[in-house]
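Everything on this sheet refers to the single structure shown next.
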Amino acid sequence: MDNEVCWHDDRGAQGTAAVPLDARGLVSAWNAEAARLLGYETDSIVGRPATDLLAAPLPAAVEVRLARRTDWTATMALCRADGTRVSVLVHAVPQQDIRGETSWIWLLNRPPAPATDSGDGLLERSFPQFPVALLLHDTEARVTRANTEALRLLDLRPDDVLGHRTDELGTGPLHHDLTKAVSEAVHTGAPVCREVVARATEHARPHTWSLLVTPLRDPTGRVYGASTVAREITEAVRARRRMDVMNEASVRIGSTLEVVRTAEELAELAVERFADFAAVDLLDPVYSGEEAKPGWPADATAMRRAVNRSILEGCPEARFQPGELSHFPEGSQLADALAAGIAARYDASPETAPQWLRERPDLVSKMAEYGTHSFLLVPMRARGTPLGFVFFTRHRTPEPFDDDDLLLAQEITARAAVCVDNARRYARERNTSIALQRNLLPQRPPRQAAVEMAGRYLPAGSEAGIGGDWFDVIPLSGARVALVVGDVVGHGIQASATMGRLRTAVRTLADVDLPPDELLTHLDDLVLRLDQAEEGEAEGAGEGSASEVGATCLYAVYDPVSRRCTLARAGHPPPVLVHPDGTAEFPEVPAGPLLGIGGLPFETAVLDLSEGTILALYTDGLIDAADRDIEAGSERLRTALTSRTQSLEGLCDKVLTALLPSRPVDDVALLLARTRALDASHVAAWDVPADPAVVATVRRQAVERLAEWGLEEASFVTELVVSELVTNAIRYGEEPIQLRLIRDRALICEVTDASNTSPHLRRARVFDEGGRGLLLVAQLAGRWGTRHTTRGKTIWAEQDLPQRARACPSTQGVTAPDLFR
């Protein structure tokens, strides 16, 4: 300790306050310089913790150095004996005592005083020359000093401003806000920063200033005034505003892939931010979503107004209304500006207006009526192709457009042009895809009387567009009808093309009267082959992998004679049955695997349906469109189908409205079929013994039944068909044999036997005694064919009825014309 005191005394002789601290942080010695600096006597401070000297907590950096036991230097606030604060520069040095513990020595000095004005008056000469406005104020916000820039800003002389508040010198927002900011800084003791906007004259563009008012304090911390730094930031504010508008444009313009909506977004943003009126004119092909030719198109003088937007309700200053066509002469200034892509700003006064505007008195009159004084004409171009142009006008904003406004208009118009072109391209591709999809779907209800039907196909409302959903109604032999609905995985042209292949395959397989489970098995094989073919094409093209082909399908066959419906499905949602009493249910139909898996069987379900039952077939986009909850969607569908709407068309609309949002995320196919029944008076059946002698009897019975139906004109052909088909069944078939005549929109003749052998149509040679029967049937009947059943086969032939007979009733209470819409 004696060494420490001696060292301390040596330092004290040099005018340095030295404070040794022991390992516990207690003051162990005190010299005269420390007493003069902090006012403590030796007896009153030695042995006390060093923390008693602190007027504020230790800085974090000092605490880190203390923990590491390394020297440190910091300016700290210490507490004098009389309670006042003093700022002291402390340099701390660690020491090791005789016990190996760390003690400290604090060397205390007053911090260097801030630089002051030199004797040659440097500050006095510099203050007036600062490039920003500087003002000093007292506690009453009166100006005590102002430099040259501040006097220029306030447009005052030194004698006028000194000793006055700025609000006493002027009435503008700058004078008022400056005084208010100074008063706030003086009373709160906190700096005040704000922006002030002011105009030199009524029609001048506003200027913006940034004010920074800082309170001034004496050594005791008392506020005795304030200083103001004012700087004009008009250009920075304009640049920031322009950037804000561009950022907003990047978010708002192009939110949809619709041409007109994109133009509306451009006009809305312009009117909100810098124009009083905005109008977008597009080339007629662009407006319609067609391809715009590069360069100068021949029909560029035909413009169609896409949108008007104004600060005035109803856009009364618009000369053309949305959708209206206007023409500008080719070779005019306006047409040349569009072709060259040159934007310009104009004064609307008659003396300075452009030539093309003076040639349009209707436009001049409209602009004069609403006081338009300035406008911009900005061509809209994308990828070197002119799309149209945009008008921006001002008639309520007092200042005219300037170059900054023109630049801003060009920037947002250029962005909108790309979005319009993207929307036009998307609309064209979407329309092409939808046209392809609709051409692959049934164009009109087929001619059949088994069911009344209505169907809908809705493409996805999102950018995904069309998909692979489809439905079909296929007339079959024996007055039956096949109802089909399917869904191909994916969206776009590829999905539509795959759907077209599957639909064609289903029609081909249905034409040979395959049962539903067998048809789906063949369809499953087809999807597998398509998948393998795409993989081979991908490998040949060097691509890594090809997209898998997958699909679902539901196939149902309804027989109006037996009122029986046979169904099978491949991974497709089950149908809904709506009974005549209005109740709805999901029948038990085995799900079956997805098409394209292969190797798994499909099962059928047989339903006996009452006449008037509605069979609803749909794709999964209908039931999981809203919340992706299939169970909830299925329940909503069941509820919607119980509507008492009589018309199937109206019921389709109600179902879609109830289940789909405005922009469905997936495409949807819906098919509703209301069953009908052929009554016994339209069906005649005879069991035929395997005896050639009964052919004449059967033929006579058939002719008699035609007479009862009033179809005597068809008797001759019917006799020949019945004779040939019954004879072939007796000769080549097996018992039991049955003849059935069905009077539908056509006259159907069916002969059923227990044999599985099918007849073949062949052309007999000159001296052959047989082989001409089926050829004769094929020539006389409109259609003929064979369908296999579980107990044999049925050979059938259809004859077209005369127009008079075709209009006769073919179902209970329904005339034939009512069956087709």
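The values are calculated or read from the model by the stated rules, or taken from the named source; none is laboratory data. Since we're looking at a predicted model, the values are computed, not measured. In this analysis, Cβ positions are derived from the backbone assuming ideal geometry, glycine residues included, and neighbour counts consider all displayed protein chains.
Brief remarks follow.
- The conditions of being touching an Asp or Glu at 6+ places or on another chain (Cβ under 7 Å) and in the same structural domain as VAL286 (by TED's automatic domain parsing) are not met by TYR346.
- Flag if ILE466 is under 30 Å from VAL390 (Cα atoms), crowded, with 22+ Cβ neighbours inside 10 Å and either modelled with pLDDT under 90 or β-branched (Val, Ile, Thr) (or both): no
- Sole residue being at pLDDT 90 or above, of a type outside the set (Asp, Glu) and either under 30 Å from GLU265 (Cα atoms) or surrounded by fewer than 15 Cβ atoms within 10 Å (Cβ to Cβ) (or both), chosen from THR201, THR208, THR220, THR188: THR188
- All positions within the range 307-319 that are surrounded by 18 or more Cβ atoms within 10 Å (Cβ to Cβ) and over 28 Å from the mean Cα position of the chain (by Cα): CYS315, GLU317, ALA318
- Note on the range 690-709: residues that are touching a residue at least 24 places away in the same chain (Cβ under 8 Å) and exposed (fewer than 13 other Cβ atoms within 10 Å of the Cβ) total 2.
- The single condition among (1) modelled with pLDDT under 90; (2) in the same structural domain as TYR558 (by TED's automatic domain parsing); (3) farther than 23 Å from ARG663 by Cβ that ASP472 does not satisfy is (1).
- Any helices (runs of 4 or more DSSP H) falling wholly within the range 22-99 and containing at least 3 residues that are over 24 Å from THR220 (Cβ atoms) and outside the structural domain of THR220 (by TED's automatic domain parsing): 42-45, 60-68
The rows are residues; the columns are (1) among the acidic types (Asp, Glu); (2) crowded, with 18+ Cβ neighbours inside 10 Å; (3) at pLDDT 90 or above.
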| residue | (1), (2), (3) |
| --- | --- |
| VAL606 | no, no, yes |
| ALA616 | no, yes, yes |
| ASP627 | yes, no, no |
| ALA632 | no, no, no |
| GLN646 | no, no, no |
| LEU672 | no, yes, yes |
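- Restricting the range 540-570 to residues that are at pLDDT below 90 and surrounded by 21 or more Cβ atoms within 10 Å (Cβ to Cβ) leaves a set whose member that is farthest from VAL485 (Cα to Cα) is VAL549.
- Any hit, the range 364-379, residues being charged (D, E, K, R) and either modelled with pLDDT of 90 or more or assigned to a loop (DSSP other than H, G, I, E, B) (or both): no
- Residue list for the range 165-198, filter: over 14 Å from VAL229 (Cβ atoms) and not in a helix (DSSP H, G or I): ARG165, LEU169, GLY170, THR171, GLY172, GLY189, ALA190, VAL197, ALA198
- Filtered residue count, the range 258-291, keeping only those that are of a type in the set (Ser, Thr, Tyr) and closer than 19 Å to GLU248 by Cα: 1
- Count of the range 723-762 residues which are more than 21 Å from LEU776 (Cβ to Cβ), surrounded by 15 or more Cβ atoms within 10 Å (Cβ to Cβ) and at pLDDT below 85: 2
- Qualifying residue in the range 637-644 (condition: basic (Lys, Arg), under 20 Å from GLU452 (Cα atoms) and not in a loop (DSSP other than H, G, I, E, B)): yes
- A single entry from ALA343, ALA335, ALA318 fulfils the requirement of being under 19 Å from ALA302 (Cβ atoms), touching a residue at least 40 places away in the same chain (Cβ under 8 Å) and aliphatic (A, V, I, L, M): ALA318.
- Applying the condition of being under 57 Å from the mean Cα position of the chain (by Cα) and in a loop (DSSP other than H, G, I, E, B) to the range 126-164 and asking which residue is modelled with the lowest pLDDT yields ASP155.
- Filtering the range 506-520 to residues that are of a type in the set (Val, Ile, Thr) and buried (at least 20 other Cβ atoms within 10 Å of the Cβ) leaves only VAL506.
- Pairs with Cβ under 6 Å, 6+ apart, first in the range 275-295 and under 23 Å from PRO316 (Cβ atoms), second in a loop (DSSP other than H, G, I, E, B) and at pLDDT 80 or above: ASP276/ILE311; ASP276/HIS395; ASP276/ARG396; ASP276/THR397; PHE277/GLU317
- Qualifying positions in the range 126-161 - surrounded by fewer than 20 Cβ atoms within 10 Å (Cβ to Cβ), within 20 Å of GLU184 (Cα to Cα) and either in contact with a strand residue (DSSP E or B) (Cβ under 8 Å, 6 or more places away or on another chain) or among the polar types (S, T, N, Q) (or both): LEU134, LEU136, ASP138, THR139, THR144, ARG145
- Only a single criterion out of (1) closer than 16 Å to THR413 by Cα; (2) in contact with a helix residue (DSSP H, G or I) (Cβ under 7 Å, 6 or more places away or on another chain) is not satisfied by ALA339, namely (2).
Let's see how each residue does on (1) modelled with pLDDT under 80; (2) aromatic (Phe, Trp, Tyr); (3) under 60 Å from the mean Cα position of the chain (by Cα):
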site	(1), (2), (3)
VAL19	no, no, no
LEU26	no, no, no
TRP30	no, yes, no
ALA35	no, no, no
ILE45	no, no, no
ALA56	no, no, yes
ALA81	no, no, no
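- Qualifying residue in the range 249-260 (condition: at pLDDT below 90, part of a strand (DSSP E or B), crowded, with 19+ Cβ neighbours inside 10 Å and in the same structural domain as PRO398 (by TED's automatic domain parsing)): no
- Of all residues in the range 134-174, those being farther than 23 Å from THR208 by Cα and free of Cβ contacts under 8 Å to residues at least 12 places away in the same chain number 2.
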